[in-house]
């Protein structure tokens with residue numbers, strides 16, 4: 001059963017359980033179980049949707065927080081030339 005159809009089924013259980021002729025203790029446990037299951041399935045659907053949006057298609061994810069070093073050396077300015085200091089002042 002797919003997660004989408006499981007959400008539909010749990011929704012129907014929540015809608016019709018109070019009107020069924022079952023003892024109130026069973027209704028309470030049924031609604032609690034259906035609510036917890038809805039939370040878990042909803043979280044699972046949302047997480048899979050998020051992972052699909054950041055997937056680049058080749059197994060890599062697009063929200064990595066680092067950059068690979070390309071081998072070049074960074075340009076470091078240690079001293080300003082006399083021309084630059086005159087224009088700054």
Those residues of segment 1-28 which are in a loop (DSSP other than H, G, I, E, B) and over 23 Å from the mean Cα position of the chain (by Cα), in sequence order:
17, 18, 19, 20, 21, 22, 23
Run residue 45 past the list (1) in contact (Cβ under 8 Å) with a residue 24 or more places away in the chain; (2) touching a strand residue (DSSP E or B) at 6+ places or on another chain (Cβ under 8 Å) and report the number of the one that doesn't hold.
(2)
Kindly provide the set of residues from segment 29-38 that are within 27 Å of the chain's Cα centre (by Cα), surrounded by 11 or more Cβ atoms within 10 Å (Cβ to Cβ) and over 25 Å from residue 49 (Cβ atoms), ordered by number.
31
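No lab work stands behind these numbers, since they all come straight from the coordinates. Every value quoted in this text rests on a predicted model; they were computed, and no experiment measured them. Cβ coordinates were reconstructed from backbone atoms using ideal geometry, including for glycine residues, and neighbour counts include every protein chain displayed.
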